[in-house]
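Take a look at the structure set out below.
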Amino acid sequence: MPAPPSTPAARAPRELALTYAGIGSRRTPGAVLELIEGLAAGLAGEEWVLRTGLSPGADQAFYRGALRGGGRVELYLPWPDFEAPARLPGDSASVSVLGQPSEAACELAARYHPDFELLPRAQRLLLARDCHQVLGRDLTTPAELVVCWTADGSVDGGSLHEDGTGQALRVAHDRGVPVRNLARPGHLREVTES
């Protein structure tokens, strides 16, 4: 993994844990899902905290891997019972949950999607929780890194307006959060060889 932007000694005590947003396409290929689970388990062993949204595909692979590795997870859900069957039994000791996005996240999400107000409420909530995945519960604590998989290898979400991953990537790009997209061979080597 690349070094985070600030060293632990320079961070405030409540921010000692390194965080990353683990996100990606619901249509992530099976081999990549296996890679993601292993990567998340390894990051958990290095005490990185995962932020994810529990959507099928990449999000759930990051979640399973982080818990398999004994790590901590911050789940940002669009509504409290979203993808409840995907939750692992006994995860409550390692998982903190925000059951729906804050009003501030909904307002922020509108800035990153051209047709936000025209979308159904459920879709708006999904996009709002993507802001939390990158910026944390308080929307002021950005992750050190975004690790994702998208079919097009996007790092800024510019081409992914119909996709929640694109929303998170637009937020990360705007806030200067580094992105490692596993669909890019150089990024894949970087995260798997460190």
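Here, each number is a calculation from the coordinates, and none is a lab measurement. Keep in mind it's a predicted model, so treat the numbers as computed, not measured. Positions of Cβ are generated from backbone atoms using ideal geometry, with glycine treated the same way; all protein chains shown enter the neighbour counts.
Suppose every Lys and Arg Cβ carries +1 and every Asp and Glu Cβ carries -1, with no other charges. What dipole size does the chain come out with about its Cα centre, to the nearest 20 debye?
The calculated dipole for the chain is roughly 160 debye.
Considering the dipole of the stretch 16-193 built from charges on the beta carbon (Lys and Arg +1, Asp and Glu -1) around the Cα centre, which of Pro29, Gly99, Ala143 is farthest to its positive end?
Pro29
Which whole-angstrom value gives the distance between the alpha carbon centres of the stretch 54-72 and the stretch 100-136?
Distance between centres, Cα-based: 22 Å.
Which order do the peptides 108-121, 128-141, 176-189 come out in when sorted by mean C-beta neighbours inside 10 angstrom, highest first? Don't skip to the end; give the middle numbers.
Numbers: 108-121: 14.2, 128-141: 22.1, 176-189: 16.6.
My ranking of the peptides, most packed first, is 128-141, 176-189, 108-121.
Could you give the alpha-carbon Rg of the stretch 16-193 over 2.2 N^0.38 Å, rounded to two decimals?
Details: Rg = 14.6 Å, N = 178, 2.2 N^0.38 = 15.8 Å.
Normalised Rg, Cα atoms only: 0.92.
Putting +1 on Lys and Arg Cβ atoms and -1 on Asp and Glu Cβ atoms, find which of Thr52, Val171, Leu125 reaches farthest to the positive end of the dipole of the chain.
Thr52
Per DSSP H run of at least 4 residues, take -39500 (n - 2.57); add these up for the chain, divide by its residues and hand me the 222 nm value, nearest 500 deg cm²/dmol.
Taking each H run of at least 4 residues, the total per residue is -11500 deg cm²/dmol.
Suppose each label sits 7 Å from its Cα in the direction of the beta carbon; what would the Val97-Asp174 distance come out to in nanometres?
Each label point is offset 7 Å from its Cα along the Cβ direction, giving 2.8 nm.
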